[in-house]
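Colleague: A single structure is presented below for examination.
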Amino acid sequence: MAYDVARVRGLFPSLGDGWIHLDPQAGMQIPDSVATTVSKAFRGLVSEPGGIYPAAKQSAGIIDAARQAVADLVNGDPRGVVLGPSRGHLLNVLAECLNTRVWLGSEVVVSRLDDEANVLPWLRAADRFGAKVRWAEVDIENGELPVWQYEGLVSRSTSVVAMPLASSTIGTVVDVATAAATVHAVDGLLVVDATSAAAYLPLDIEELGADVLVVSASRWGGPSTAALVFRNPELLTRVRSMSLKPDAEGPEKLEVDGHQHALLAGLVASIEHLAGLDESAAGTRRERLVQSMTGLADYSQRLLQYLLHSLRQLNLVSIVGEAESRIPAVSFTVSGVTADKVVRRLADNGICALADVNSRVLTGIGVGDVGGAVTIGLGPYTTPYEVDQLVRTLGSLG
């Protein structure tokens, strides 16, 4: 069955506000099923797990359900799913929990394509312990992150390699699996930020070869929660516990404090929402997720190509990065008009977009020299008509 964007739009009550939402980097619109679940859970999930009474058992059950849901999303093991409030928080905890011996005399490799959440924790840890930092660079001509460079960056001294699966600003999708082979040849730890990709692509941690995968639910329409997924849960036995619970084991070792159970209920609901994007999807939740996300990926790619083709027809618009493989996230400049003014004009016409996003890749490409870049993204609810409205408004700038 073809992806039915009209049916999907009906799942998002916020789309009735009359705005065209092209800013998923700031948070995808929230489906009604997620909002309802969280609201109901806030009224009922008021006890901490650990007790023998029903409310405590219900809270414990929500934690288990959230681990299983995230595992289904990425084809992982629920025993390796660490839950937390944000990817930045979880990645900082991960960098902190690694044994000091991992850092002393070692090297860490980060990339200019990554968001700060998967760069700063590693830079701080390297600075604290005197580890050397090496950078994977972006090809400024096409916005790609060439994975061949990792053969020269990764050495026997490399302890951690951090990279994105996809850029949140220019959309570039990285060939993580090829880089993983290079990292694992020296027993390095590969940490992949799949936050931006998770909203558009079916994920498989085994195929990617990531040792740790991080996702953030707000980017696909879930609440403000995130998860670290360890491909091999046994790795959790080798890290220092960061929990306030002295007897914490498994993923609890990296969960510093208690959970907001209502938000975890919303996390489960949001993954169920993704699994139900294709009405005809059947089978286990993992099977429904693969089918639904594959359908969304096909639709998003067609709409992305239409958007890129339309933008290229505008003489004043220059697209930043032309990677062959990409998610539907696009940054562009408008000749003679600052990004801030472009976003204001779009807002005047009922279109949400972002200006001057804090991004190493945009800074490296030099968009600040031409007045900054406008960053947009397509959602599962975006239509060709909304793309036309965006292009028509940009055309009026000339």
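The values are calculated or read from the model by the stated rules, or taken from the named source; none is laboratory data. Note that the structure is predicted; figures quoted are calculated from it, not measured. No Cβ is skipped: glycine too gets one built from the backbone with ideal geometry, and neighbour counts run over all protein chains shown. Areas reflect the complete protein model, heavy atoms only, side chains present, ligands, DNA and RNA absent. Shrake-Rupley method; radii C 1.70, N 1.55, O 1.52, S 1.80 Å.
Colleague: Which percentage, to the nearest 5, of the DSSP beta bridges contained in the chain is antiparallel?
Modeller: Here the share of antiparallel DSSP bridges comes out near 55 percent.
Colleague: Could you size up the charge dipole of the range 221-378 around its Cα centre, putting +1 on the beta carbon of Lys and Arg and -1 on that of Asp and Glu, and report it in debye to the nearest 20?
Modeller: 240
Colleague: Also, I was wondering about something else. Using the heavy atoms of the protein chains and a 1.4 angstrom probe, tell me the accessible area per residue for the range 249-398 in square angstrom.
Modeller: It amounts to 41 Å² per residue over the range 249-398.
Colleague: A further question on this structure: Which listed residue (His309, Gly368, Ser155) has the Cα farthest towards the positive end of the charge dipole for the chain, taking +1 on Lys and Arg C-beta and -1 on Asp and Glu C-beta about the Cα centre?
Modeller: Gly368
Colleague: Cβ under 12 Å from Pro121's Cβ, Pro121 left aside: what net charge do those residues give with Lys, Arg +1 and Asp, Glu -1?
Modeller: -3
Colleague: Using a cut-off of under 20 Å, list every residue of the range 154-183 whose amide N is near the label point 7 Å from the Cα of Leu308 along the Cα-to-beta-carbon line.
Modeller: In the range 154-183, the label zone of Leu308 (backbone N under 20 Å from the point 7 Å along Cα→Cβ) covers 164-177.
Colleague: Charges only on Cβ, +1 for Lys and Arg, -1 for Asp and Glu: so what's the dipole of the range 226-312 about the Cα centre, in debye to the nearest 20?
Modeller: For this selection, approximately 340 debye.
Colleague: Please list, in chain and number order, the residues 5+ apart from Val161 or on another chain whose amide H is under 5 Å from its amide H, with Hs placed from the backbone.
Modeller: Under 5 Å from the amide H of Val161: Val109, Leu189, Leu190, Val191.
Colleague: Using a 1.4 Å probe on the protein heavy atoms, what percent of the accessible area of the chain belongs to carbon and sulfur?
Modeller: 51
Colleague: Across 10 Å bins from 0, what is the distribution of all Cα-Cα pair distances for the chain, in whole percents?
Modeller: The percentages, shortest bin first, are 5, 23, 31, 26, 13, 2, 0.
Colleague: Another question about this same structure. When the dipole is taken about the Cα centre of the chain, and only Lys, Arg (+1) and Asp, Glu (-1) are charged at their Cβ, what size is it in debye, to the nearest 20?
Modeller: Value, rounded to 20: 620 debye.
Colleague: Going by average Cβ neighbours within 10 Å, how do the peptides 235-245, 320-330, 298-308 rank, with the highest at the top?
Modeller: Put in order of decreasing packing, that is 320-330, 298-308, 235-245.
Colleague: For the range 262-322 and the range 92-151, what is the centre-to-centre distance using only Cα atoms, to the nearest Å?
Modeller: So the separation of the two Cα centres works out to 29 Å.
Colleague: Hey, another quick one. Which whole-number value in Å² is the accessible area per residue of the range 117-222, probe 1.4 Å?
Modeller: Heavy-atom accessible area per residue stands at 33 Å².
Colleague: For the peptides 87-95, 192-200, 265-273, what is the packing order when you average, over each peptide's residues, the other Cβ atoms within 10 Å and list the highest mean first?
Modeller: Listed from highest to lowest mean packing, they are 192-200, 265-273, 87-95.
Colleague: Can you compute the modelled spin-label distance between Arg286 and Asp340, with each label point 7 Å from Cα toward Cβ, in nm?
Modeller: Result: 5.0 nm between the two label points.
Colleague: Bin width 10 Å, origin at 0, all Cα-Cα pairs of the range 247-398: what percent of pairs per bin?
Modeller: Final binned percentages: 10, 29, 26, 22, 11, 2, 0.
Colleague: Which listed residue (Ile319, Gly250, Leu208) has the Cα farthest towards the positive end of the charge dipole for the range 200-320, taking +1 on Lys and Arg C-beta and -1 on Asp and Glu C-beta about the Cα centre?
Modeller: After comparing all options, I get Ile319.
Colleague: Could you sort 211-221, 377-387 so that the peptide with the highest average Cβ count within 10 Å comes first and the rest follow in order?
Modeller: Averaged packing, sorted descending, gives the order 211-221, 377-387.
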